[in-house]
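The values are calculated or read from the model by the stated rules, or taken from the named source; none is laboratory data. Remember, it's a predicted structure, so these values are computed and weren't measured experimentally. Backbone-built Cβ (ideal geometry, glycine too); neighbour counts: all protein chains shown. Calculation scope for accessible area: heavy atoms of the full protein, side chains included, ligands and nucleic acids excluded. Shrake-Rupley method; radii C 1.70, N 1.55, O 1.52, S 1.80 Å.
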Amino acid sequence: MLLIKCLLSLYTFLLFWGLIALLVMPSLLLYFIVYPFKKHPEDVFQWCASIIFKIFFKLQPLIVLKFELPSNLPDGVVFIATHQSSLDYPLLGSFIPRYLTITNMNTELIPFASYVSKLIGVRYMNSKDLGKISAVYKELEDALKENRNIIIFPEGTRGDGKRLKPFKKSAFRLARKCSKPIVPIIIDGTGKIVAKGDPCFKTVKRTEVLIKMLEPVYPENFSSEDEMLQFVKEKT
């Protein structure tokens, strides 16, 4: 059974990166075609990435996605999501448009990978470099002012799916500073498939993954970011 779990995990790894490798060059070509004509040509590349993510989940034998989303997604908001596994980011990237997100994984070690990740919307946050932290947050603020979206995992790392880790304040501080709503998203089930630090899948059974978007939470209705944070955490 362990062998099957590890083979499924290997298939998932090869499928994901194989799709990226197959479609990255056509995506780059489209990006350079529209570059002179669009203010944000990276939106085209990000749209291509969303297609890659959709194909990836369609070809997954274990994952059954159940979406509970509004008919019209909000724009110019800070999306925050619960975080159980490495599958969560491509899940969000498959349906949220025009976004930036942050990671604590150093995407700058490989120049081409760093370039592609930036086009997708990922920004590396070096917690030891205050200058880079300030620059990234300025970019996030500017994106919100242009009515673009931000994706943040407020727990900061993957949890076990049983209980939420403490929320960090960054998303709530950003929302209050820019007077933009927080939109919570509950992702439940990815932790049953693959866990942090485990190279092999945890199951060989088809598993339902719920992606549920809650109502926007507006910062002007709260006296502080702490009050807003606590309210949102209780809702999720």
Requested in this report: Give me the percent of DSSP beta bridges within the chain that run antiparallel, rounded to the nearest 5.
Outcome: 20
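Helix-only estimate, please: 222 nm mean residue ellipticity of the chain, summing -39500 (n - 2.57) across DSSP H runs of length 4 or more and dividing by its residues, to the nearest 500. Each step should come with its number before you reach the end.
Details: 7 runs with 102 residues, N = 236.
So the calculated ellipticity at 222 nm is -14000 deg cm²/dmol.
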Query raised in the report: Measuring with a 1.4 Å probe in the full set of protein chains, what accessible area per residue, in whole Å², belongs to the chain?
Result: 54
Query raised in the report: Which FRET efficiency value, to the nearest 0.05, do you get for Asn221 and Lys138 by plugging their Cβ-Cβ distance into 1/(1 + (r/R0)^6) with R0 = 25 Å?
Result: 0.45
Query raised in the report: Round to a whole number: what % of the accessible area of the stretch 97-164 belongs to carbon and sulfur, probe 1.4 Å?
Result: 58
Report summary line: Pseudo-spin-label distance Phe32 to Leu109, built 7 Å along Cα→Cβ, given in nm, is 2.8
Requested in this report: Taking all protein chains together and a probe of 1.4 Å, list Asp43, Asp129 from the most accessible to the least accessible.
Outcome: Asp129, Asp43
Query raised in the report: Once amide H atoms are built 1.01 Å from N in the peptide plane, which residues 5 or more positions from Thr101, or in another chain, come under 5 Å H to H?
Result: Val122, Arg123, Ile151
Query raised in the report: Is any helix in the chain, taking whole DSSP H runs, at least 20 angstrom long along its axis by alpha carbon and on average at least -1.0 on the Kyte-Doolittle scale, and which ones?
Result: 2-34, 42-58, 130-145
Query raised in the report: Between Glu234 and Trp47, what is the spin-label point distance in nm, taking each point 7 Å from the Cα along the Cα→C-beta axis?
Result: 4.2
Query raised in the report: In percent, how large is the relative contact order of the chain, given Cα pairs closer than 8 Å and 6 or more residues apart?
Result: 27
Query raised in the report: Just for the stretch 91-225, what percent of DSSP beta bridges are antiparallel, to the closest 5?
Result: 45
Query - Difference of contour (0.36 nm per residue) and Cα-Cα distance, Leu15 to Lys168 - result: 51.8 nm
Query raised in the report: With each label point set 7 Å from Cα along the Cα-Cβ vector, what nm distance links Cys200 and Glu146?
Result: 4.6
Requested in this report: Determine the sum of side-chain charges near Asn149: Lys and Arg each +1, Asp and Glu each -1, restricted to other residues whose C-beta is under 9 angstrom from that of Asn149.
Outcome: +1
Requested in this report: Output the relative contact order of the stretch 1-85, whole-number percent, from Cα pairs under 8 angstrom with separation of 6+ residues.
Outcome: 24
Query - Leu22-Lys66 FRET efficiency (beta carbon distance; Förster radius 22 Å; 0.05 resolution) - result: 0.20
